[in-house]
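None of the figures in this text is laboratory data; all of them are computed from the coordinates on show. As the structure is a computational prediction, the values presented were derived from the model and not from experiment. Don't worry about glycine lacking a Cβ; one is built from the backbone with ideal geometry, like all the others, and counts go over all protein chains shown.
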Amino acid sequence: MDYPLKTILIDDEILALSRLRRLLLKYPETFSIVSEAQNGAEGLVEIDKHNPDIIFLDIEMPLLNGFEMLSKLSKMPLVVFSTAYDQYAIRAFEENSVDYLLKPVENARLLKTIDKIRSMTQANSQSGFNPYSDNLLKLLEEMKPKKEIFSLSVKTGDRILLIPLTEITHFEAEEKYVFLNTLDGQKYLLNYTLTSLEEKLPQHYLRISRAAIVNSHHIKEIQKHFNGKFILMMRDRKASQLPSGSTYGEVIRHLLDN
């Protein structure tokens, strides 16, 4: 990647765009600003036109937000996110080699970004391998909101039943099989693994061991057990008692604190 880097700025706030432009113009050996855009739709047009090396991208924008815009790119440039909102998974940005700037952007923080960009591009040119695009695509996938589900289907004989999530108390793995358990004491075989269920279910479903996921809305009682473990008493007709795994104690303690 040759310097200066062809750079596009994308931000719907005129003042923020102007401030970032002034800061980047101080470093002509690193950045060559070839275009600007004020929303994600314009950003797509400018990226297609100029094929930039790097973009500075706001997250919250009209028409298309930053993540939606990136998901539509066929070729991924380097990306530096700029945002006024620190709740946007900053740890995920760091872990996936994506840098970010909190608004208002400060020159001292920008210098750190420049150092990171230079070390990243130098390492990639030496190795011939660029993990950046894969990492960013992984981040975008993680940031997608989960599709909300309200029931799970189970097969019983020739029938397929839809079991509302509100009626499910817990899931248990027994050998190679996973079973769904309901408030009225029924038990159904599922074609899911516990891991795939974890990805599909709402946040109030908690993994408490390698063999069980519980609906926290249907926990009746939590009893301390030995070695930091707990026993969860459920509200189903069978009054199921589920032991937590030794490595899942933090999940249970979080429940106790709420």
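Tell me, what ³J(HN,Hα) does each residue in region 190-200 have, in order and in whole Hz, if you take phi through Karplus 6.51 cos²θ - 1.76 cosθ + 1.60 with θ = phi - 60° and put x for Gly and Pro?
Using θ = phi - 60°, the values come out as 10, 9, 10, 8, 5, 5, 5, 5, 3, 6, 8 Hz.
For residue 6, list the lysines whose Cα falls under 18 Å from its own Cα; do not include residues on the same chain fewer than 8 positions away.
Within the straight-line limit of under 18 Å, residue 6 reaches these lysines: 26, 49, 75, 116.
Using all alpha carbons of region 151-257, what is the percent of pairwise distances in each 10 Å bin, ordered from the shortest bin to the longest?
Result returned by the calculation: 15, 50, 30, 5, 1.
Let me spell out the model: positive unit charges on the Cβ of Lys and Arg, negative unit charges on the Cβ of Asp and Glu, origin at the Cα centre of the chain. What dipole size does that give, in debye rounded to 20?
Roughly 720 debye, rounded to the nearest 20.
Past 30 Å, Cα to Cα: identify those pairs from 155/224; 138/229; 200/229; 138/238; 72/176, in the order given.
Result: 155/224; 138/229; 138/238; 72/176 exceed 30 Å.
Over the Cα atoms of the chain, what radius of gyration and what Dmax do you get, in Å?
Calculated on Cα positions, Rg and Dmax stand at 24.6, 72 Å.
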